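Asker: First, the structure itself, so that you have it in front of you.
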Amino acid sequence: MTLEPASELRARRRRRWLLLLVLAGLAWGLQGLGAPETVEADAWRRGAKERPLIVAHGGGLRHAPANTLAALLRAAATGVDVLEFDVQLSADDQLVLMHDLTVDRTTDGTGPVRSLTLAELQALNAAAHFEGPAGEGHAPEPIPTLADVLKHFAPSPLRFVIELKNPGADGALAAKGLAEALRRFKLEDRVIVGSFHGETLAAFREASGGAVLTSGAPGEVARVMLLPALGLAGGAFDPAPVAVLQIPLQAGPLELSAQGFIRRAQALGQAVQYWTVNDLAAMERLALAGADGIMTDDVPALRAVLKAQGFTLPDPWIATL
């Protein structure tokens, strides 16, 4: 089986994001849809002399297998502010960490995640296709459950960005399970939840009762980004319920990382986080432009860039297993 390189996967995701952004922005503008009460993300915004949050994408997947406990523990021990990971449902309705909707690309198994029970998923090796920066492999790693991850990191000072991967009815079920888990572990004020599926995000907002901040589905992000720029928002424009903009540096020809754009979003009470940034020059530029958070596969590289700019870095956190 030929695996799709991570760079091509990201490029395909950016192209898809641009198409959804433009189409959804036009739809929102034509419909003139209203918005609920403003949601502000003060805790996720950097102060005047602060640095962007260091967000370990997939746990920092350049140095350990993505969405595994090993990756998350390594990132925490290196020193980050936020752990980012993806969750979706098993066949027996358990939430597990996995990016793709199938297990083929990252494990030694095949088939949709939703078609495999938790026991079947945890029998797979989530590090089967991992190659680190020097081309080395990794010891076998199981697919972790959401509950296991939250149990490990609830005692830490770390925050979390969690993406819900399931659409439709499965997305609603996953959203309810995630909201319940965050309540159980008392983590509601330390999490940003996102999804590419608007109906899944809506289900999560309802299930969480608004106690957890969310980013936006493409249609919501398009509304926040495009309508003010096109002069269609009006004087009382409200960006809710998008508390944090999580966006790429570019979407096709659209440059999304300019300082002016960041400041406009922040003026609306939002935080702005960028994914997935592994280029050193881009890290430097975003930090200087005022970005509130930078998601990266390469945590040590981002730490080095911010240290060179004179920022104080987050302390490592070592879990007691």
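The values are calculated or read from the model by the stated rules, or taken from the named source; none is laboratory data. Fair warning: this is a prediction, and the values are worked out from it, not measured in the lab. Ideal geometry is used to build each Cβ from the backbone, glycine not excepted, and the neighbour counts take in all protein chains shown.
Asker: Kindly list the number of the only condition in (1) surrounded by fewer than 19 Cβ atoms within 10 Å (Cβ to Cβ); (2) over 24 Å from Val161 (Cβ atoms) that fails for Leu118.
Answerer: (2)
Asker: Among the listed residues Pro167, Pro253, identify the single one that is touching a residue at least 24 places away in the same chain (Cβ under 8 Å) and either surrounded by fewer than 23 Cβ atoms within 10 Å (Cβ to Cβ) or among the basic types (Lys, Arg) (or both).
Answerer: Pro167
Asker: Pick from Ile294, Ile247: which is in a strand (DSSP E or B), modelled with pLDDT under 95, surrounded by 18 or more Cβ atoms within 10 Å (Cβ to Cβ) and within 18 Å of the chain's Cα centre (by Cα)?
Answerer: The conditions single out Ile247.
Asker: Which residues, taken from segment 83-110, are closer than 14 Å to Pro167 by Cα, in a loop (DSSP other than H, G, I, E, B) and polar (S, T, N, Q)?
Answerer: Of everything in segment 83-110, just one residue is closer than 14 Å to Pro167 by Cα, in a loop (DSSP other than H, G, I, E, B) and polar (S, T, N, Q), namely Ser90.
Asker: Can you report the number of residues in segment 170-193 which are surrounded by fewer than 17 Cβ atoms within 10 Å (Cβ to Cβ), within 20 Å of Ala91 (Cα to Cα) and acidic (Asp, Glu)?
Answerer: The total comes to 1.
Asker: Also, quick follow-up: Which condition breaks for Val149 when tested against (1) β-branched (Val, Ile, Thr); (2) more than 18 Å from the chain's Cα centre (by Cα); (3) within 30 Å of Val212 (Cα to Cα)?
Answerer: Unmet for Val149, out of (1) β-branched (Val, Ile, Thr); (2) more than 18 Å from the chain's Cα centre (by Cα); (3) within 30 Å of Val212 (Cα to Cα): (2).
Asker: So the check is Cβ under 8 Å with 6+ separation or different chains; which pairs have a first residue in segment 195-211 that's touching a residue at least 12 places away in the same chain (Cβ under 8 Å) and under 17 Å from Ala181 (Cβ atoms) and a second one that's part of a helix (DSSP H, G or I) and of a type in the set (Phe, Trp, Tyr)?
Answerer: So the pair list comes out as Ser195/Phe204.
Asker: Scan segment 220-244 for residues that are of a type in the set (A, V, I, L, M, F, W, C), at pLDDT 65 or above and assigned to a helix (DSSP H, G or I) and jot them down.
Answerer: Listed by number, the residues that qualify are Val221, Ala222, Val224, Met225, Leu226, Leu227.
Asker: Continuing with this model, one more query. Which of the residues spanning segment 256-274 are over 17 Å from Ile294 (Cβ atoms) and in contact (Cβ under 8 Å) with a residue 40 or more places away in the chain?
Answerer: Answer for segment 256-274, where residues must be over 17 Å from Ile294 (Cβ atoms) and in contact (Cβ under 8 Å) with a residue 40 or more places away in the chain: Leu268, Gly269.
Asker: Here is a follow-up. Starting from residues that are outside any loop (DSSP other than H, G, I, E, B) and not hydrophobic (A, V, I, L, M, F, W, C), keep the ones in segment 111-142 and report whichever is nearest to Gly177 (Cα to Cα). Please lay out each step first, then the result.
Answerer: Just the residues of segment 111-142 that are outside any loop (DSSP other than H, G, I, E, B), to begin with: 112-115, 118-122.
Narrowing the set further to residues that are not hydrophobic (A, V, I, L, M, F, W, C) leaves 112, 114-115, 120, 122.
Details: Pro112: 19, Arg114: 15, Ser115: 18, Glu120: 20, Gln122: 19 Å.
Out of the qualifying residues, it is Arg114.
Asker: Additional query: Given the criterion free of Cβ contacts under 8 Å to residues at least 60 places away in the same chain, surrounded by 15 or more Cβ atoms within 10 Å (Cβ to Cβ) and either touching a Leu at 6+ places or on another chain (Cβ under 7 Å) or farther than 23 Å from Asp42 by Cβ (or both), identify the matching residue among Ala147, Ala127. Let's see the steps before the verdict.
Answerer: Numbers: Ala127 fails: free of Cβ contacts under 8 Å to residues at least 60 places away in the same chain.
Step by step, each of Ala147, Ala127 is checked, and only Ala147 is free of Cβ contacts under 8 Å to residues at least 60 places away in the same chain, surrounded by 15 or more Cβ atoms within 10 Å (Cβ to Cβ) and either touching a Leu at 6+ places or on another chain (Cβ under 7 Å) or farther than 23 Å from Asp42 by Cβ (or both).
Asker: Going through segment 178-205 one residue at a time, which ones are in a helix (DSSP H, G or I), in contact with a Leu (Cβ under 9 Å, 6 or more places away or on another chain) and among the aliphatic types (A, V, I, L, M)?
Answerer: Within segment 178-205, Leu178, Ala181, Leu182, Leu201, Ala203 meet the criteria.
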